[in-house]
Every structure is written in structure tokens, then in C-alpha cells.
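To start, the structure under review is shown below, and the notes come after it.
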Amino acid sequence: MARRSLQLDEHGRLRHFLAIEGLGRELLTEILDTAESFVGVTAQAVKKVPLLRGKTVVNLFFEASTRTRTTFELAAKRLSADVLNLNIPASATVKGETLLDTLHNLEAMHCDMFVVRHADSGAAHFIARHVRSGTSVINAGDGRHEHPTQALLDAFTIRRAKGGFGHLVVAIVGDILHSRVARSQIHALTTLGVPEVRVVAPRTLLPAEVERLGVHVHHDLREGLRGADVVIALRLQHERMQGAFLPSEHEYFQLYGLREEHLAVAKPDCIVMHPGPINRGVEMASSVADGPRSVILQQVSHGIAVRMAVMALAMGATHRREATREVGTKGERA
Amino acid sequence: MRLLIRGARVVDPSQDLDGVQDLYLAEGRVAALGQPPEGFVPDRVVEARGWVACPGLVDLRVHLREPGQEHKGTIASETRAAAAGGITTVCTFADYDPVVDTPAVADLIRHRADSAGYCRVAVVGALTQGLDGERLSEMGALRAAGCVGVGNARRPLANALVLRRAMEYAATHGLTVFLCPEDPHLRNRGCAHEGQVATRLGLPGIPEAAETAAVAQALALVQQTGVRAHLGPLSTARAVRMVARARYDGLPVTADVTAHHLHLTEMDLGEFDARCHVEPPLRTERDRDGLRYGLVEGTLGAVSSDHQPHEPDAKLAPFPATAPGLSGVETLLSLMLRLVEEEVLALSEAVARLTCGPAEILGLAGSGIGSLRPGAPADLCLFDPAARWTVRPEALRSRGRHTPFDGWELPGRVVLTLLAGRPVHQDPRALPEPL
């Protein structure tokens, strides 16, 4: 399969990290285990391991982002890499310089890794096809396609809270159509063995034939949440009111916003997640976001460990053992 | 030059002809079939045993890029590529810069094509001024300048009222209206069929209804106005059924399909393969089968290449940002022969969709285009049906090198193309002596 050969080398190890789709359970588990070994690093007084010492990581963001870029930056720095942040507004590439020009200019500066966010689906694949061999590309979100590190940090958070995946019901609520996070989550969760992944949304926010991704489709929030172990709310962009996707944020909150009373039908120990940033009073009530079921802030801190793991593995397969030795903790399998 | 093509299997659906016959050409026209005309002494004889001789192909959709986009191709480069594909008549639409909304631009294109000398070029003039979708073009003048019809290329019309008036005005001048049926609002910013592949890849989708809604509107207005209309290229099975029904009801409607829609589906997008970024989008397997069915039953009277050459950079971007379109003139015949090989349709039916079918749609059948009947122009495609070749983009003669058929092994190689009896393409491996 073409996808395998682009992301993985001949030994099945990560060369780029572009999409969850096409990656096997073993590899995803290896990333989660490696991330587990890095959690200790972030708690130390000296929060650094020398795995990427002397390497240069470029955060290449063609679309604004604070949280994702910051956690990638911290992850790279904790691996001792030099980090360059480039925020390139879409207008710059429109005016003459193509994406490839930008890329080749940066390659001339001998960078080792590109962390890429771009508004077009397929941008990370495109860049991965055109970089020099030996340069790794990490997808930090491409259009509506995938946001694989976000999905893995969600999986990591779920594994820590629930101890595994094999018995879970996970409900993803909200704008599936425009969400790269949802696509990656669906692939990650089904690959890791979650027996029932549900999507809950009005028809306007569901892509065509979404059930072919292996999910159960619900339009009613209560039905979608019944018996759920994990509820993930997705961010709703304000511009969805303009494209005739929804009548109003008010009605969305009434029908799909997470409130305590909805969660009553979920499992008593159900956790609530959100990729952030939250629109309080739209995707969920503040009482839910700040309540006992919420693991939203843990997601953010896990983001650093998971991104460290992805970067380390993409830069070389031997790093994991080194990492665990340096840190002195052992990856715990849940 | 007097030419005898000896021993070829002559396939000419315009005369219901399929059999080994000698073909006599003189003074740029077909002189006779079977028996030589009195006193015929050929200057040259082409021994064509084992090869197929058919009328020069007529391709309904070829973008020549000139004037306006010479960095993608020129009239000379693209008509030469077409001749290499066995094509002797190309039809082109009005989306040039300047737009073909005045006789001057139509004349310019035809004049340059004449000087290049590889192909006849039929021009479909603009339906609205500047293709703006609002103001009618001067169709009387365009018709006088020889335009075979009017259309708005792939640009939308402002509303159904403009379409109605444009149809009525075109009907006044006896012009066929060529429509690329796509509702611009339903299409929105889509770049791939709205289905499982677009969902998986996160590509903005173009729903089936973008095509069927536009076909329904066009058919209703054809009924209302009585204009002769041509719809295409169609990409959905449902649209084919709608056109079939309309034709059954007696509406003056024709339709075409591209060769790539007969072979490829959304699955071929694979991992963001920009060579499969085409308009209308590649759809489902069910659609592809429906298109093949429509081709066999005759609802789709022509197969076109929808040739759109691009410079290399046009496809060097993330999928949604790439330019749609592929280079198709050099694979058109072989892709149809592959359908014959797959027993989708007979050779004579395949040839019909490439010759007399499109010639009739363009209103050129009367002048003998798409036919080898005596007196018709000696536009001829001679090909070796047994030869196989592998598509290599770098070997294409078109300036555009983007083809999703890269690496496909296809049947059929063009040995000789004649335009009015003059060789415009010759394969030196098969015919070493230049004619």
C-alpha cells in the first residue's frame, strides 16, 4: 500500500507521521508506551532528554494555532532539539512563492524535521513526498483530513483513565464533517480495539458514508451517550452558522451541548474530553468542562509526552530504549 | 497524392462498415472503398494488413490553451499531440483569454490551427459575454464565424432565467447549446466526489446532486425552449438515466462522457493523487458502470478526452490546491480499445463513439467529418490493434504530462493519421518510409 511506504520504512518503522490511517495497533501502542516513558521527564526538575540534541525541528504553521504549536515546541525542546517557529499566513503562499519553494528554502538550512499544519487536506503527504530523504514530516493537522498527534494524545488519556480500550464505548459529539481530529480519533480508537465508536451530530455536520469508517451514527445526543465510557466533544467553529449548517449556537447547545443531565445516561465513571479550545455554552456547559468527569487539562499535558514520543520515534528507532534508560522509568503497559 | 491503403480492416460506423477492404484516397478525399475508381494509379501504397482503418477521431473536448495560457500548451503542440492520438478534429470551448465571445478570437484559433496543420478545430463560442453568466453573447456573429455551438465552458450562469433566454436565443440561430451540468452552489468548494473517499481523505465533496440537479434544470428548459442541447461530460449514473429518459421522450438532447470516467473511480485518488483531480470528479464504481451502460446503449453518443494540459507546477501542491484536468488526447483511442478488450462494447461501437457520434453532435457529419464514405475528407486513423504500449508521461507529445494512466499497458498504437489525405502523424516503427 502506498500509504505504508510513505509513512513507514521497509522495517515498518516510522519515517513520517502523517495519518493514523494505515498504522497498525502495535505501532500505535509503541508510541503510547514511549509517551508513557516521557511523562516522567516532564515532571523532573530538569525537563530534558538529549535524544534530538543537534537536530533542528521547524514548526511550519500555515494556519494559526497556539496550543498545538506550543506543545510541539515544548516537546522538541525537551528532546534537546533546536526549534524554529515559522508562521506563514496563507496569503504569503498565494502571492507567488509556492509551498514547495518555501520547503526547499528551509531544506537548504538543513532542518531535520518539519512539523506541518496547513489548511489543505493532503498537505503533509504532499510535503513528505517532496522532502529530502532523512527529513521527517509530522502532520500537525491538514485541512479536514487528519490530526494524528491529537488523536494519540486522546488515546493516551483514555488509556490512562480506563486502563485499556477493549471494553469501551466512545462517543464523539459535534462537527465531524469539518474535523480532522475526529477522523484521526476514529482510526486510532478502532485500530486500538475500541469495540464501539459512535459519532453524534446533525446530518449537516456528518460527512457522506461516515459509517464506512467503522462508526455507529447517532443524531440524538441521549441515545448517543447511553452507556458511553468516554465522551469527546468537538469544537464548533462560529462560521458554521453562515454556511447553513446550523441555525444557531443556541439550538446547537440545546440539542448537542454536553450538560450534566445528558451525562446521566452515560456510564457513571464516564470521562469527558475536548481537543480545545472550548466554546463554553456551545459544545459543553462550564459545569461539565470544569467538572469531575473532565480530563481536558490532562489531555493538554499529555500532548507534550505524546509529541515527544512521535518525534523521537520518527527520528530513529533506537531512541526508545535510550529514552527509558536516561529517564530511569519503564514504560507501563496499561 | 493518390494513396491506396491495402488490406486494412475498415471500421466506419457511419456506413455500418466493418470488414477488410482497400481504401482509395485522392485529392484529399476518399475516392472509393473496395474497388478502385477508374484509372486510379496510386502514388503510394500502404500495406495495412492486420491494422484497422477508421475515420479520423473527433474529440469533443480539447483545451488548446492558446490564446492566454501558452505556458501550458499551444495550438501547435496540442493539435500535434491530438494527431498522434489519431484525432483529426478537435472541438474546443470558449474559456480562453480572451474569451471566445467574438468572431475575432474564433478566427484566431482556427487560423493558428490551420497554420499548424495537424487538426481541424471546431469552436464552441461563449454563451455569455466574457462567460460572465449574465449577458448574452453575440450568437448571430459567432454562428456566422463558424462556431458549431455555444456554451459557457464550466462557468456558472447567474440563474435559470439567463439559461432560458440563452437557450431561446441560441435556438433562434439554430445553435446547439453545450452545457457542463453542475450546480455551482451544490458543488461549493468541492474537489472530489462526496463519498467514502472524500470522507476518508477529508476533501470537500461534490455531491451527485450537483450534477443531477443541473441536468434536471437543463432538461426542463430544453423542453420549454426546444433548443438542441448537449450535456457533458456526465459523471453520474443517475444523470445518464435522466438523459436516456429525456431522449426516449423525444427531447433533442445528446451527452458525452470522458474516457477517464469510463475507467477510473474515486478509489483511484488513493493517497491524494492529484492526477486524478478532474472536473467533474471521479465517482463511484456504480457510476462508472452506469456510464459504461449509457455508452453501450447509445445515450452517451461520444467519448471525449477532456484534454487539459498543465505545466508541471499546476499539480505540485496539496490536492485541493492543484489545477483540475489531465492530458488525454494521446490515450483516448487506447482507453476505448481497452473497453473493447474488456468486452464492454464492440470495436465498431467504440469507433462510433469516437467518430460519427461526436461529428453528429457537432453538426459536422453532413460535411463528411467522422466518415470514410466516398467524397468525405480523407481524415483517417490507421492503428495496430494488436500493439501494446505503456503510458509514460515523459513520452507524451502534449506539453501537459499529467495522466492518471501513467504505467498502464494499453492496447492499440496509431500507425498513421491523415488529415485531408496528408500525413500528420506517422509511427516510424510501423511505417519506416515517410509518406
Original post:
Hey, how many Å between the Cα centroid of the stretch B:53-112 and the Cα centroid of the stretch A:15-71?
Top reply: 53
Subject >> Surrounding net charge for residue B:376, when Lys and Arg each add one and Asp and Glu each subtract one, Cβ distance under 10 Å >> reply: 0
Original post:
What residue among A:87, B:100, B:160 has its Cα farthest toward the positive end of the dipole of the protein assembly as shown, where the charges are +1 on Lys, Arg and -1 on Asp, Glu, each on the Cβ?
Top reply: A:87
Original post:
So what are the stretch B:107-176's ellipsoid semi-axes, whole angstrom, largest first, if each one is the square root of 5 times an eigenvalue of the alpha-carbon gyration tensor?
Top reply: 25, 13, 9
**OP:** For an R0 of 35 angstrom, estimate the FRET efficiency from the Cβ-Cβ distance between residue B:395 and residue A:110 and round to the nearest 0.05.
**Re:** 0.45
Original post:
Full extension from residue B:107 to residue B:165: what is 0.36 nm times the residue separation minus their Cα-Cα distance, to one decimal in nm?
Top reply: 18.3 nm
Subject >> Exercise: per-residue mean of other protein chain Cβ atoms within 10 Å, A:208-217 >> reply: 3
Subject >> Of all DSSP beta bridges in the protein assembly as shown, antiparallel share, percent nearest 5 >> reply: 30
**OP:** Restricting to the stretch B:56-367, compute how many DSSP beta bridges are antiparallel as a %, nearest 5.
**Re:** 5
Subject >> Cα-centred dipole magnitude for chain A, charges only on beta-carbon of K, R (+1) and D, E (-1), debye, nearest 20 >> reply: 740
**OP:** Enumerate by residue number the GluC sites (Glu not before Pro) in the stretch B:268-372 meeting two conditions: DSSP loop (anything except H, G, I, E, B), and at most 14 other Cβ atoms within 10 Å of the site's Cβ.
**Re:** B:342, B:343
Original post:
Treating the beta-carbon of each Lys and Arg as +1 and of each Asp and Glu as -1, no other charges, what is the dipole magnitude of the protein assembly as shown about its Cα centre, to the nearest 20 debye?
Top reply: 1680
**OP:** Would you kindly find the accessible area of residue B:187, with a 1.4 Å probe and non-protein molecules such as ligands, DNA and RNA excluded, rounding to the nearest 10 Å²?
**Re:** 40
**OP:** Could you check the simple spin-label distance between residue B:15 and residue B:173, using points 7 Å along Cα→Cβ, in nm with one decimal?
**Re:** 3.5
Subject >> For the stretch B:56-367, projected area of the alpha-carbon convex hull averaged over all directions, nm² >> reply: 14.2
Original post:
Sequence-distant or interchain residues sharing an amide H contact under 5 Å with residue B:30, placed H: which?
Top reply: B:375, B:376, B:378
Original post:
Based on the Cβ-Cβ distance of residue A:130 and residue A:217, what FRET efficiency does E = 1/(1 + (r/R0)^6) give at R0 = 30 Å, to the nearest 0.05?
Top reply: 0.20
**OP:** Using only Cα positions of chain A, each an equal point scatterer, no hydration layer, compute I(q)/I(0) via Debye at q = 0.10, 0.12, 0.16 Å⁻¹ and quote the log10 values to two decimals.
**Re:** -0.57, -0.82, -1.40
Original post:
Among bridges DSSP assigns within chain A, what percent are antiparallel (round to 5)?
Top reply: 5
**OP:** Note the full-extension length gain between residue A:84 and residue A:97 as 0.36 nm times their separation in residues minus their Cα-Cα distance, in nm to one decimal.
**Re:** 2.7 nm
**OP:** With an 8 Å cut-off on Cα pairs and a minimum separation of 6 or more residues, tell me the relative contact order of chain A in percent.
**Re:** 22
**OP:** With an 8 Å cut-off on Cα pairs and a minimum separation of 6 or more residues, tell me the relative contact order of chain B in percent.
**Re:** 20
**OP:** Determine the dipole magnitude for chain B: charges of +1 sit on the beta-carbon of Lys and Arg, -1 on that of Asp and Glu, nothing else is charged, the reference point is the Cα centre, and the result goes in debye to the nearest 20.
**Re:** 280
Subject >> Summed side-chain charge close to residue A:81 - residues other than residue A:81 whose Cβ falls under 11 Å, Lys, Arg +1, Asp, Glu -1 >> reply: +2
**OP:** Give a residue-ordered list of calculated ³J(HN,Hα) values for the stretch A:69-75 (Karplus: 6.51 cos²θ - 1.76 cosθ + 1.60, θ = phi - 60°; whole Hz; x for Gly, Pro).
**Re:** 5, 5, 5, 5, 5, 4, 4
Original post:
Under the definition of Cα pairs under 8 Å and six or more residues apart, what whole-number percent is the relative contact order of the stretch B:282-435?
Top reply: 22
Original post:
Which residue, A:129, A:183, A:78, tops the fluctuation ranking in a GNM of chain A built on C-alpha contacts under 10 Å?
Top reply: A:129
Original post:
Picking from B:408, B:387, B:420, whose Cα lies most toward the positive end of the charge dipole for the stretch B:378-428 (charges on Cβ: Lys, Arg +1; Asp, Glu -1)?
Top reply: B:420
Subject >> Local electrostatic count, residue B:65, Cβ distance below 9 Å [Lys/Arg +1, Asp/Glu -1] >> reply: -1
Original post:
How are the C-alpha pair distances of the stretch B:1-156 spread across 5 Å bins, as whole percents from the shortest bin up?
Top reply: 2, 9, 15, 16, 14, 11, 10, 9, 7, 4, 1, 0
**OP:** With unit charges on the beta carbon (Lys/Arg positive, Asp/Glu negative), name the residue among B:259, A:137, B:337 whose Cα is farthest towards the positive pole of the charge dipole of the protein assembly as shown.
**Re:** A:137
Original post:
Given the alpha-carbon gyration tensor of the protein assembly as shown, what are the semi-axes of its equivalent ellipsoid in whole angstrom, ordered largest first, with each equal to the square root of 5 times an eigenvalue?
Top reply: 57, 29, 22
Original post:
Near the amide H of residue B:424, under 5 Å away, which other amide H atoms are found, from residues 5 or more places off or on another chain, if H is placed in the peptide plane?
Top reply: B:417, B:418, B:419
Original post:
Between residue A:203 and residue B:70, what is the spin-label point distance in nm, taking each point 7 Å from the Cα along the Cα→C-beta axis?
Top reply: 5.3
Subject >> Label point distance in nm, residue A:67-residue A:167, each placed 7 Å from Cα along Cα→Cβ >> reply: 3.0
Subject >> Förster-model FRET efficiency, 45 Å R0, residue A:48 and residue A:280, C-beta, rounded to 0.05 >> reply: 0.80
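The values are calculated or read from the model by the stated rules, or taken from the named source; none is laboratory data. The model shown is predicted, which means the values in this text are computed figures rather than measured ones. Backbone-built Cβ (ideal geometry, glycine too); neighbour counts: all protein chains shown. Note: accessible area is taken over every heavy atom of the protein model, side chains too, but ligands, DNA and RNA are not part of it. Shrake-Rupley method; radii C 1.70, N 1.55, O 1.52, S 1.80 Å.
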